[in-house]
1. Only one of these is in contact (Cβ under 8 Å) with a residue 60 or more places away in the chain and either out of contact with any Asp or Glu (no Cβ under 6 Å at 6 or more places or on another chain) or open to solvent by 20 Å² or more (accessible area, probe 1.4 Å) (or both): GLY9, GLY61. Name it.
2. If you go through region 148-161 one residue at a time, do you hit one that is open to solvent by 10 Å² or more (accessible area, probe 1.4 Å), modelled with pLDDT under 95 and under 24 Å from SER495 (Cα atoms)?
3. Of all residues in region 581-613, how many are closer than 29 Å to THR447 by Cα and part of a strand (DSSP E or B)?
4. For region 479-534, name all the residues that are of a type in the set (S, T, N, Q), touching a residue at least 60 places away in the same chain (Cβ under 8 Å) and crowded, with 17+ Cβ neighbours inside 10 Å.
5. Any chance you could count how many residues in region 259-299 are within 21 Å of ILE314 (Cα to Cα) and charged (D, E, K, R)?
6. Test of understanding: among ALA248, ALA216, ALA172, which residue is out of contact with any strand residue (DSSP E or B) (no Cβ under 9 Å at 6 or more places or on another chain), surrounded by fewer than 20 Cβ atoms within 10 Å (Cβ to Cβ) and within 30 Å of GLY101 (Cα to Cα)?
7. Tell me which residues, restricted to region 601-615, are farther than 15 Å from LEU582 by Cβ, open to solvent by 40 Å² or more (accessible area, probe 1.4 Å) and not acidic (Asp, Glu).
8. Need a quick list: strands (runs of 3 or more DSSP E) entirely within region 483-580 having at least 3 residues that are farther than 28 Å from LEU32 by Cα and touching a helix residue (DSSP H, G or I) at 6+ places or on another chain (Cβ under 9 Å).
Amino acid sequence: MVDGSPNSGRPIPNTFLGAFFEEINHAGAGGLWAELVSNRGFEAGRGSGSPSSIYPWRVIGNESLISVSTDLTSCFERNKMALRMEVLCNGPKSCPPAGVGVSNPGYWGMNIEKGKKYKLVMYVKVKASGPVDLQVSLTGSIAYIIYVLGSVMTDNNILKWIKLEGILESKATNHNSNLQITTTTRAILWLDQVSLMPLDTYKGHGFRMDLFKMVADLKPKFLRFPGGCFVEGYYLKNGFQWKNTIGAWEQRPGHYGDVWKYWTDDGFGFFEMLQLAEDLGALPIWVFNNGTVGGEEVNMSALSPFIQDALDGIEFAKGSPSSKWGSVRASMGHPEPFDFRFVAVGNENCFPHHEVHYQGNHSLIYFYFKFYDAIKRAYPEIRIISNCDGSKTPLNHPADLFDFHIYPNNSMEMFSKYSVFDKTSRSGPKVFVSEYAVVKDDAKNGTLLAALAEAAFLIGLERNSDIVHMVCYAPLFINKNGRYSWIPDAIAFNSHESYGTPSYWVQQLFSESSGAIYLNSTLQTSSNSIVASAIGYRSSQDSKTYLRVKVVNFGSEIEKLRITINGLSSNVQQSRSTKTVLTSSNKMDENSFSQPNKVVPRKSALENASNNMVVSISPYSVTSFDLLVV
């Protein structure tokens with residue numbers, strides 16, 4: 001029974017449903033960030049305890065024709081590594097007709113599509129007795145597309161770096177292409193910062209269109225970034241250092257993410273993440289390093305630079321264009337401050353699985369107070385998120401919100417957590433459920449069963465939305481061709497395809513909850529497998545007012561349910577009232593590239609829509625009844 005009277009219920013926070021981006025599973029470069037060249041600066045491996053590696057670049061030509069190595073001769077002070085190619089042919093031994101050089105496969109294959117254009121940028125230095133012909137081509141098993149960049153001239157044998165740019169237009173489609181840079185001229189050439197970006201990114205901001213749209217379709221009201229454990233690193237030197245990720249991309253040193261075990265060039269940096277949030281219409285939530293990580297913490301006397309770094313980051317995001325760091329943002333093309341309201345002090349430092357954490361560690365509580373006081377003093381309007389869980393025991397430190405992470409190993413445990421905040425104190429900080437998902441056997445790569453348990457959990461969060469103000473799933477992305485560290489994920493992709501897991505589609509069913517009215521309702525059933533809620537919302541599609549009843553059936557039997565709505569000033573309109581069902585023939589069904597729509601919501605007209613109706617709820621399903629009321 002639902003009370004639909006005008007004064008019934010209470011508002012759900014407008015920030016209720018959001019998204020969380022972390023550089024995990026190669027989610028950024030080669031994924032949402034549309035850069036096609038992997039290891040474009042030849043820096044990969046530095047910081048991992050290994051020397052720099054050219055991987056995944058490959059040499060074209062045998063060792064009698066070309067010698068390839070790396071050296072520290074780049075013109076970029078913050079990333080000195082460059083690729084050195086000594087071409088040995090076109091002397092006593094002739095070069096092959098196609099030349100010798102290097103090839104880059106991108107992130108497990110470059111997606112090159114017919115008629116589309118791609119911007120090439122690369123830096124070249126040449127030692128030769130005359131002009132050197134460089135050929136840049138996109139090659140693959142299906143198509144051979146070539147772009148002749150032209151002759152590179154030497155200046156009286158004075159070595160200097162030059163920037164070469166060009167637009168490559170594809171004459172065919174190949175989802176597994178390679179970028180090749182070759183020559184038939186005897187010379188020594190150095191290459192650095194080789195980039196290939198499609199021109200058709202979202203607003204030209206560098207975001208891959210299909211992946212951006214999938215996130216946008218969730219209608220996220222906030223974007224948490226850049227992690228997660230990626231923020232910290234296992235060691236501090238490998239944490240995300242935002243100042244190294246801004247400015248010209250060629251000048252960014254990149255870093256080794258030692259938690260997820262791969263190199264990132266940080267082309268998708270702090271500025272780009274702020275831009276992504278703005279493009280999504282979402283509020284940015286920056287998680288910054290607070291001097292503590294998985295394996296170490298800074299000495300208390302060395303904390304001040306971390307505090308200043310956090311203050312500088314806030315100034316970069318929201319400071320005036322005349323401020324020190326606001327002027328840097330303005331120089332990157334965004335003079336207006338971003339709509340920046342939240343920061344999170346660290347990640348999971350309170351959690352028992354970390355080797356250092358706040359519980360019982362007086363130095364870390366001291367750390368938190370230092371950050372809290374400094375930020376509130378400089379920016380009293382900024383809302384600060386503690387990474388300690390206050391759901392059962394009140395926090396022993398001030399905060400505007402607190403983090404709650406949950407990754408149950410089985411779906412029944414997640415299903416039972418719909419009541420986890422029923423007894424949380426309403427007098428303390430609000431709740432930010434910033435990471436949740438079912439993992440392990442019940443979830444596999446993203447099953448219907450896991451998604452249904454998460455839907456029940458989200459219904460519980462709606463019910464407790466007077467205290468739960470934000471929620472986002474984790475992780476967001478996975479490159480299925482890559483070496484990934486975490487499953488399941490909301491969105492899977494390869495070089496040219498993408499699909500949502502059932503968990504992604506559950507989030508879409510809750511996308512209208514942000515800013516809606518949570519309606520008072522009672523559920524009368526003898527089944528312990530049914531969870532339900534009701535909201536009133538104005539549709540983002542037709543601007544009309546609807547009442548939405550969501551029902552999760554976590555059991556194996558069809559359930560009959562009577563929905564009675566009282567207090568409406570008019571009757572439910574049968575026209576435009578719909579039923580949307582997420583289910584499948586097997587509760588362990590998953591989506592895949594071959595069957596991307598195996599488990600997706602199916603929408604149909606609700607023929608018996610009325611103020612009093614009996615409905616059937618399919619086994620292992622979540623159903624949304626959207627009833628037009630105005």
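The values are calculated or read from the model by the stated rules, or taken from the named source; none is laboratory data. All of these numbers come straight from a predicted model, not from anything done at the bench. Ideal geometry is used to build each Cβ from the backbone, glycine not excepted, and the neighbour counts take in all protein chains shown. All accessible areas refer to the heavy atoms of the entire protein, side chains included, with ligands and DNA or RNA removed. Shrake-Rupley method; radii C 1.70, N 1.55, O 1.52, S 1.80 Å.
1. GLY9
2. No; the residues of region 148-161 include none that is open to solvent by 10 Å² or more (accessible area, probe 1.4 Å), modelled with pLDDT under 95 and under 24 Å from SER495 (Cα atoms).
3. 7
4. Our first condition is that a residue be of a type in the set (S, T, N, Q); within region 479-534, this holds for 479, 481, 485, 494-495, 498, 501, 503, 507-508, 511, 513-514, 520-522, 524-529, 533.
Pick out the ones that are also touching a residue at least 60 places away in the same chain (Cβ under 8 Å) and you get 479, 481, 485, 494-495, 498, 501, 503, 507-508, 511, 513-514, 520-522, 524, 533.
Of everything in region 479-534, those that are of a type in the set (S, T, N, Q), touching a residue at least 60 places away in the same chain (Cβ under 8 Å) and crowded, with 17+ Cβ neighbours inside 10 Å turn out to be ASN479, ASN494, SER495, SER498, THR501, SER503, GLN507, GLN508, SER513, SER514, SER521, SER533.
5. Qualifying residue count, region 259-299: 4.
6. One residue alone meets the criteria, ALA248.
7. Listed by number, the residues that qualify are ALA605, ASN608, ASN612, VAL614.
8. 530-538, 545-553
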